1. I'm a student and want to see the number: the projected area of the Cα convex hull of the range 347-435, averaged over all directions, in nm².
2. In whole angstrom, note down how far apart the Cα centers of the range 119-145 and the range 388-448 are.
3. With 10 angstrom as the radius, rank L118, L212, L53, L469 by how many other C-beta atoms surround their C-beta, starting from the fewest.
4. Counting DSSP beta bridges in the chain, what percent are antiparallel, to the nearest 5?
5. Please give the Cα centre distance for the range 255-294 versus the range 83-109, rounded to the nearest Å.
6. At q = 0.23 Å⁻¹, what is the base-10 log of I(q)/I(0) for the range 91-169 according to the Debye formula with one equal point scatterer per Cα and no solvent? Please give it to two decimals.
7. Going out from 0 in 20 Å bins, what whole percent of all Cα-Cα distances in the chain drops into each bin?
8. Mind checking which helices in the chain clear 27 Å along their axis (Cα) and have mean Kyte-Doolittle hydropathy of -1.0 or more, DSSP H runs only?
Amino acid sequence: MNICKGNPDTLTTTGERTEGPLPAAATRNACKLCTPLGAAMVFKGVRGCLPFLHGSQGCATYIRRYMISHFREPVDIASSSFSEDDAIFGGAKNFAQGVDNVIHQYAPELIGVATTCLSETIGDNMLGMIKTYQDKHCGDGPPLVHVSTPAYTGTHSDGYYSAIRELIKAFAQPTRITQPRMVNILPAMMSCADLRHLREICALYELEATILPDYSSTLEGGSWECYHRISPGGTSLDEISEMATAAATLEIGHTQAVDKDSAGSWLERERGVRCDALGWPIGIRLSDQFFAAMATASNRPMPAILADERGRLVDAYVDAHKYVSGKRAAIFGEPDLVVGLAAFMSEIGVRPVICATGSKVKKWKELLASEIEGGTADVEILSDADHAKLAEAARTLKPDIILGSSKGYPLARELKIPLVRIGFPIHDRIGAQRMLSVGYRGTLELFDRVANALLESRQDDSATGYSYL
Ligand code: SF4
């Protein structure tokens, strides 16, 4: 039942019609996805790992559907498939049987166990179940790593970062060795093309990189001669183990910089690996910061190829400023992406008039204010938002363009403005996994997409239909 804030004629939860605005009592079209989805995406980026959801079958099906429609790849996610009895008496039996089946059918190198709302609500003791299982099998079989992911207290972003942290806590062994040319990269929830570009950048700086997670092959592989039950690729357990020997960790995402328990902070505190907290490298300024951190980690100047890319990006800004300058944007999605996009849009002269995320983010307003030029007094900043709130704000503030996932399409259609698809999920277009948006090269691609979307909209709105703009 919807109760609409600001709607003059609304229904209460009991179905009575009332007059005047009422506070929203229900989320309407959530601007977030469920927490274990983020964990499953991380587990898909670890070599030989099978994600395993402890809970009902539907959770795994929903997550698989979303990931398959975005990445267009087979995605297997196991489930302990709760019945009614398990929901009352606990899912220990199903868990043990499910793990047995997974080992038998997939022979995984690792099983990544994420909880669902149901198992969290009934209070299943996951660590106890894992220990009981491992004791019973005398430690034989693949390791199991657990991440707690109740979706009613988090979002897919939270699940993503939590899974990275739990993997590092479980496998990054203490060591006195430091490998000076080794760096850890902890990316935010980026596209496969972004992850590949990060690896390419590390190679240009002659750094050995461990990127966790790395689903650039597992969720965007080539065609196979024969079927693989678990997609090839991903970060190996040995690489995760060696993360404690790296000279530095580059942790991407503003929200992680303010989280004292982020994976990078943990590695610094517990394993002595210096952590550079960085924003999502979109736009010139945030990319400059990223490349400066790479230069420090490698003790090398920026390679010429990157300097050239920066020059071309500056030139593109100059060429197209008359088409983008003064426009207004609504941005929604994962919080770190929204901050990165707000910084980028502000840099190219587009005012981010709405910045919305479905997550509850510590210091959300401060994070945005630190990146949006000219302050945020006129910016509608929404956290814990749903698409209904976003739509209400957009109807009032009338942006020229929306940046976000496919979930923004109904609003873009209603307002007759373009939607530049970025983030997760993108399931009404092909190629989400190949969209590059990080670094100078990625920003250039994104900039062209934004500028061309505005041009196309102007062309479509024109009675004359100019072909020369
Ligand atoms: S019940 Fe919870 S974990 Fe399962 S799909 Fe729904 S939100 Fe996700």
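Quick note: the coordinates plus some simple rules give every number you see, no bench work behind them. Here the structure is a predicted model, which means the values were calculated and not measured. Note: ideal-geometry Cβ built from the backbone for every residue, glycine included; neighbour counts use all protein chains shown.
1. Its Cα hull, projected and averaged over all orientations, spans 6.3 nm².
2. When both Cα centres are located, 41 Å separates them.
3. Values: L118 18, L212 25, L53 32, L469 11.
Listed from fewest to most nearby Cβ atoms, that is L469, L118, L212, L53.
4. Values: 4 of 45 bridges.
DSSP beta bridges in the chain are roughly 10 percent antiparallel.
5. 37 Å
6. Computed log10 I(q)/I(0) values: -1.18.
7. The calculated distribution, bin by bin, is 23, 55, 21, 1.
8. Working: long enough: 304-324 (29 Å, -0.06); 439-461 (33 Å, -0.69).
Membrane-span-like by this criterion, though nothing is claimed about a membrane: 304-324, 439-461.
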